[in-house]
Amino acid sequence: MDEKQLVSQALSAALDGALGVDQIAAIIEKPKSSDLGDLAFPAFQLAKTLRKAPQAIAAELAEKIDASGFEKVVAVGPYVNFFLDKNATASGVIHEILTTGEHYGDENIGAGGNVPIDMSAPNIAKPFSIGHLRSTVIGDSIAKIYEKLGYQPIKINHLGDWGKQFGLLITAYKKYGDEATITANPIDELLKLYVQINAEAKEDPAVDEEGREWFLKMEQGDEEALRIWKWFSDVSLIEFNRIYGKLGVTFDHFMGESFYSDKMDAIVEDLENKNLLHESKGALIVDLEKYNLNPALIKKTDGATLYITRDLATAVYRKNTFNFVKSLYVVGGEQTNHFKQLKAVLKEAGYDWSDDMVHVPFGMVTQGGKKFSTRKGHVVKLEMALDEAVERAEKQIDEKNPNLANKEEVAKQVGVGAVKFYDLKTDRNNGYDFDLDEMVSFEGETGPYVQYAHARIQSILRKANRPVNLDNLELKISDAEAWEIVKYLKDFPTIVKRAADNYEPSVIAKYAISLAQAFNKYYAHVRVLEDNAELDSRLALISATATVLKEALRLLGVAAPENM
Ligand code: ARG
């Protein structure tokens with residue numbers, strides 16, 4: 001039973017049912033300082049009904065309560081403070097962690113329900129931006145968190161590989177492109193073409209028109225148009241896959257926008273049959289005034305489809321194919337309006353499952369306080385940033401542990417892990433500044449800090465060279481710092497659920513930092529290996545801590561090296 005439950009039941013019994021267990025559980029607090037116990041019940045609410053001062057109520061309750069399951073129960077002013085039985089609590093949680101290992105905190109809340117996660121989704125022929133990195137890293141973590149809770153995540157890379165911009169790009173390629181140059185350096189060269197042709201199209205309507213026509217040809221299945229487009233896509237994917245390899249992220253499906261090119265007619269017809277399509281200046285729109293949204297533009301005058309047309313087909317396809325319980329879209333906050341419109345159109349068409357579609361937005365990343373831009377040729381060399389992170393990690397390892405055997409591998413885990421962790425510890429909706437020095441630092445609230453705490457525990461356990469035997473162990477928690485750790489360990493399952501409910505990996509990242517800090521405090525006060533009387537309790541405690549740190553990092557897609 002969890003301790004809130006324990007406390008609420010004891011209180012409800014002492015109150016002769018004046019308040020129900022659930023009512024009590026809702027008002028129980030965690031005291032600010034652990035001197036005041038582990039849980040506290042404020043007696044204010046009872047003052048009216050019982051016509052007594054809260055202080056008096058608290059005092060009476062503390063007297064009357066059956067305190068046998070606790071270390072002690074005392075009244076302090078208007079509060080009843082509960083001190084949990086430390087040894088019993090620790091014994092329960094540490095046993096559970098050491099017997100279930102990485103499965104500690106697993107649940108079957110999802111009952112195997114499918115959760116497609118739309119993530120990463122870079123645009124072919126364009127650089128992989130920092131926003132795509134965020135989507136990749138956040139989506140991957142959410143997938144792991146949902147899987148832990150018994151859902152079946154389906155990671156889908158909804159590549160941006162369809163639209164008028166590819167028509168323009170074909171125009172540019174025909175005018176200036178050179179196959180060999182592009183093959184050698186595809187993203188850079190295609191971006192150059194893209195920037196150039198967009199500038200031209202702005203000046204010269206004929207160029208714009210040509211791009212429009214090429215896209216129309218693509219949509220009509222023109223062989224040449226599709227051959228060039230497919231080539232752009234293939235060379236781009238080679239580059240993207242290299243980044244995914246470095247990040248260690250995989251996908252269940254690569255289904256880009258082009259996948260829906262033959263699936264849009266159905267939804268457009270459907271909207272038409274439901275009388276939702278209206279003509280406006282020659283284009284077809286769905287009016288969304290009652291949702292307080294601008295009309296959704298579904299088809300252009302020339303019949304060309306748009307981003308939202310593809311997303312409509314995508315949503316329907318995912319419902320039909322996966323019969324999802326939830327459908328997540330990890331896409332930057334600047335597309336909030338798009339997803340509102342998307343859901344509203346589906347709602348208008350009577351698809352109530354659109355309520356299960358969730359846009360999971362995130363904030364913008366800056367560098368030196370400035371926005372990253374990819375369109376104007378300020379290419380974000382994301383891959384270079386990742387490589388640089390690994391190099392810096394290696395430098396630090398060289399200083400700390402020059403003889404480390406698998407230095408290169410650990411440097412990758414630390415460097416890449418640092419970038420991911422920094423991203424994930426930020427509240428999703430906030431942005432952050434991309435500062436490699438800070439990310440890779442072993443001090444502060446960073447990935448390497450957490451990894452280092454884990455590696456340190458592993459090294460203590462190796463030194464102890466003594467298996468943690470739970471069978472006859474009477475666990476003893478005699479240090480305040482140890483008790484702090486136990487409370488964090490006990491919290492982990494709740495933390496995982498909170499992260500899932502809010503689609504917020506930062507809840508887990510922040511937790512991992514706190515747990516690592518609690519361990520470091522403990523380690524600064526307690527010579528784990530020196531006091532033999534409690535050696536086994538201490539080894540069990542730190543071993544459980546390492547297990548949970550590692551699992552928390554895993555949920556963030558960050559490795560936990562044994563040595564660093
Ligand atoms: N390719 C888009 C972009 O880079 C993101 C696509 C997000 N997913 C979606 N289903 N709309 O902005």
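Derivation of every value follows stated rules applied to the coordinates shown; laboratory data play no part. Source: prediction; values computed, not measured. Here the Cβ positions follow ideal geometry from the backbone for every residue, glycine too, while neighbour counts run over all protein chains shown.
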Exercise. Using Cα pairs closer than 8 Å and at least 6 residues apart in sequence, work out the relative contact order for the chain, in percent.
Key: 14 percent
Quiz item: For the stretch 382-555, which semi-axes, largest first and in whole Å, follow from the square roots of 5 times the eigenvalues of its Cα gyration tensor?
Solution: 29, 21, 12
Quiz prompt | log10 of Debye I(q)/I(0), alpha-carbon scatterers only, for the stretch 163-238 at 0.18, 0.28 Å⁻¹ | solution = -0.65, -1.35
Practice problem: Compute the acute angle (0 to 90°) between the alpha-carbon long axis of helix 186-203 and the principal axis of greatest extent of the alpha-carbon atoms of the chain; round to the nearest 10°. | Solution: 60 degrees
Quiz item: Here are some pairs, Lys164/Lys371; Lys487/Lys521; Lys148/Lys497; Lys4/Lys476; Lys30/Lys144; Lys246/Lys425; which of them have Cα atoms lying more than 18 Å apart in this structure?
Solution: Lys164/Lys371; Lys4/Lys476; Lys30/Lys144; Lys246/Lys425
Self-check item: Residue among Gly332, Asn273, Phe254 farthest towards the positive dipole end of the stretch 231-358, charges placed on Cβ
Solution: Gly332
Quiz item: What distance in nm separates the simple spin-label points at Arg462 and Glu409, each placed 7 Å from Cα in the Cβ direction?
Solution: 1.3 nm
Quiz item: To the nearest 10 degrees, how steeply does helix 382-400 sit against the main Cα axis of the chain, on a 0 to 90 scale?
Solution: 30 degrees
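Stretched out fully, how many nm does the piece from Glu107 to Val195 gain, at 0.36 nm a residue minus the Cα gap?
26.7 nm
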Quiz item: How big is the Kirkwood radius of the chain, worked out from every pair of different alpha carbons and given in Å to one decimal?
Solution: 27.0 Å
Exercise. List the relative contact order of the stretch 382-555 as a percent without decimals, with contacts defined as Cα pairs under 8 Å and 6+ residues apart.
Key: 24 percent
Quiz prompt | Dipole magnitude of the chain about its Cα centre (Cβ charges: Lys, Arg +1; Asp, Glu -1), debye to nearest 20 | solution = 780 debye
Exercise. Using a Förster distance of 51 angstrom, determine the FRET efficiency expected from the C-beta separation of Phe254 and Lys521, and round it to 0.05.
Key: 0.65
Quiz prompt | Which of Leu288, Leu424, Ala67, positive extreme of dipole for the chain (C-beta unit charges) | solution = Ala67
Practice problem: Mind ranking 298-307, 422-431, 140-149, 467-476 by how tightly packed they are, going by the mean number of other C-beta atoms within 10 angstrom, highest first? | Solution: 140-149, 422-431, 298-307, 467-476
Self-check item: Between helix 447-464 and the chain: long-axis angle, C-alpha atoms, 0 to 90°, nearest 10
Solution: 50 degrees
